[in-house]
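The structure appears right after this line, and notes come after that.
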Amino acid sequence: MAELPGYVREGPGTDPPLDFPAYRATRLRVPRRPLVPLPQRLSEVTGPLLGEGRVGELDHDLTAQHAGEPLGERIVVAGRVLDGDGRPVPHTLVEVWQANAGGRYRHDGDRHPAPLDPNFSGAGRCLTDAEGRWRFVTVKPGAYPWQNHDNAWRPAHIHFSLFGRAFAQRLITQMYFPGDPLFGFDPILGSVPEAARQRLVACLDLDVTVPGWGLGYRWDIVLRGREATPLDNQDEDP
Amino acid sequence: MTLPVTPSQTIGPFFAVGLCWPDGPDVVPAGTPGAVWVGGRVTDGAGDPVPDALVETWQADPQGRFAHPDDPRRPAGGAGVPGFRGFGRCATDASGRWAVRTLKPGPLPAPDAGLEAPHLDVSVFARGLLHRVVTRVYFPDEADANAADPLLASIPDPAVRARLVAVVDGAGLRFDIRLQGEQETPFLAI
């Protein structure tokens, strides 16, 4: 069997380190032993291709999942899923979850004393189209306090979960809104190497905006790209 | 064209809002002949349960094949197990427990290294983890295949290596995930 091309491992400039003491919950949870290198073989270059059956008609519209409309600023968030080579990732599952406009999650563990919204669950999913495009309709999530340090507040964000086409591409991350004054105080965004932080910030886009209805934000998500095939680099050591 | 890759962020404590599927733990549907539960506890460096982790598994079918265009030996249509998804997802409960219902995968050809022993690839996401950690579950009834497995062979300390092999626990298989500490699970750089 021919060797399968793997996915490029990120260098140190992309992902946050696991060990990041300013984010206090890391302390007892991060592994302390060095990671064991895992060559990418069949299990790693394949992955779940989760299809249509998992996505309902209204799952992409978080404002239409209840009898009434949720409170808050209506927004549209849209973009593409691409790989590091610039290729669109088509028909891949995108899952999102977020706080409501008041900064409260519909979760028993959320103790923030802001009101729940009976018309907002805060979960969405969709499949990218043939060009890797996705789009959600929602309300802008609120900032909220957390227990990390004295007077700690999370900047507004939407959680994203992506599969891509391989186990090696799996990504869970967060999208932020442009110009949030809390950026400089947040150790979770701040855990990302400075040069890469902006990649997590959406931009206001009038083409995504629905005139007279709600502002639009654009955010492209880039998963790891393919390594060169063995044929491309046969003169180099692997 | 090379694009800068999007960085990871923690899954946070509230992922159950969006990521818990009723059939998440069903790598195979209930009633599948030969199905076995594989699961255990996720614990932190103090030995306390991690009640807000998400464990995901990915694996080949019992013939060692993937229903995926990048598996050059893809199963012939209809030859697979009905309802086999290959993927499992389970949030830990208050005591840190997770489990998926699955079938033991077949061994896999490794172009550079003989055969890989049957295994599940595992991702663990949790509050406090800024990106996922990855490990593997191997099977206790595969001593010969495990002895020849290239990843297991790359771990010199047999006691550490053994932590990647599930243990028989009643009718199922137990695989505890210790994020930190003396008995820390070996995690893999993918």
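Can you list the strands (runs of 3 or more DSSP E) lying wholly within the stretch B:66-122 that have 1 or more residues being facing chain A (nearest Cβ under 8 Å) and small (Gly, Ala, Ser)?
Hits in the stretch B:66-122: B:108-110.
Test of understanding: among A:198, A:169, A:147, which residue is more than 8 Å from chain B (Cβ to nearest Cβ) and over 17 Å from the mean Cα position of the chain (by Cα)?
Checking each option against the conditions leaves just A:147.
Name, by its number, the condition in (1) facing chain A (nearest Cβ under 7 Å); (2) in a loop (DSSP other than H, G, I, E, B) that does not hold for residue B:17.
Evaluating residue B:17 over (1) facing chain A (nearest Cβ under 7 Å); (2) in a loop (DSSP other than H, G, I, E, B) leaves (2) as the failure.
Any idea which residue in the stretch A:21-43 is farthest from residue A:161 (Cα to Cα), counting only those that are in contact with an Asp or Glu (Cβ under 7 Å, 6 or more places away or on another chain) and not in a loop (DSSP other than H, G, I, E, B)?
A:42
What helices (runs of 4 or more DSSP H) lie completely within the stretch B:125-174 and have 3 or more residues being surrounded by 14 or more Cβ atoms within 10 Å (Cβ to Cβ)?
Fully inside the stretch B:125-174 and qualifying: B:143-148, B:150-153.
What tally of residues in the stretch A:3-20 results from selecting those that are aromatic (Phe, Trp, Tyr) and either outside any loop (DSSP other than H, G, I, E, B) or more than 8 Å from every other protein chain (Cβ to nearest Cβ) (or both)?
1
Within the stretch A:150-166, restricting attention to residues that are at the interface with another protein chain (Cβ under 10 Å from one of its Cβ atoms) and out of contact with any Ser or Thr (no Cβ under 9 Å at 6 or more places or on another chain), which residue is surrounded by the fewest Cβ atoms within 10 Å (Cβ to Cβ)?
Once the filter is applied, the top-ranked residue is A:154.
Would you tally the residues in the stretch B:151-181 being under 15 Å from residue B:119 (Cβ atoms) and among the polar types (S, T, N, Q)?
1
Does any residue in the stretch A:8-23 that is without any contact (Cβ under 8 Å) to a residue 40 or more places away in the chain come within less than 8 Å, Cβ to Cβ, of a residue that is outside any loop (DSSP other than H, G, I, E, B) six or more places away or on a different chain, and which pairs are these?
A:18/A:26; A:18/B:133; A:19/A:26
Step by step: first the residues of the stretch B:67-90, then only those that are of a type in the set (Gly, Ala, Ser) and surrounded by fewer than 23 Cβ atoms within 10 Å (Cβ to Cβ), then the one that is farthest from residue A:4 (Cα to Cα). Which residue is that?
Filtering first and then ranking leaves B:83.
Test of understanding: among B:99, B:94, which residue is surrounded by 19 or more Cβ atoms within 10 Å (Cβ to Cβ) and either in contact (Cβ under 8 Å) with a residue 60 or more places away in the chain or not polar (S, T, N, Q) (or both)?
From the options B:99, B:94, the qualifying one is B:99.
Just to be sure, is residue A:58 at pLDDT 95 or above, farther than 17 Å from residue A:175 by Cβ and over 19 Å from the mean Cα position of the chain (by Cα)?
Here the answer is no, as residue A:58 does not meet what is asked.
Filtering the stretch A:201-231 down to residues that are under 30 Å from residue A:165 (Cβ atoms), surrounded by fewer than 17 Cβ atoms within 10 Å (Cβ to Cβ) and over 19 Å from the mean Cα position of the chain (by Cα), which residue is nearest to the other protein chains (Cβ to nearest Cβ)?
The extreme case among them is A:230.
The values are calculated or read from the model by the stated rules, or taken from the named source; none is laboratory data. Keep in mind the model is a prediction, meaning the values are calculated, not measured. For neighbour counting, all protein chains shown are included, and Cβ atoms are generated from backbone atoms with ideal geometry for every residue, glycine included.
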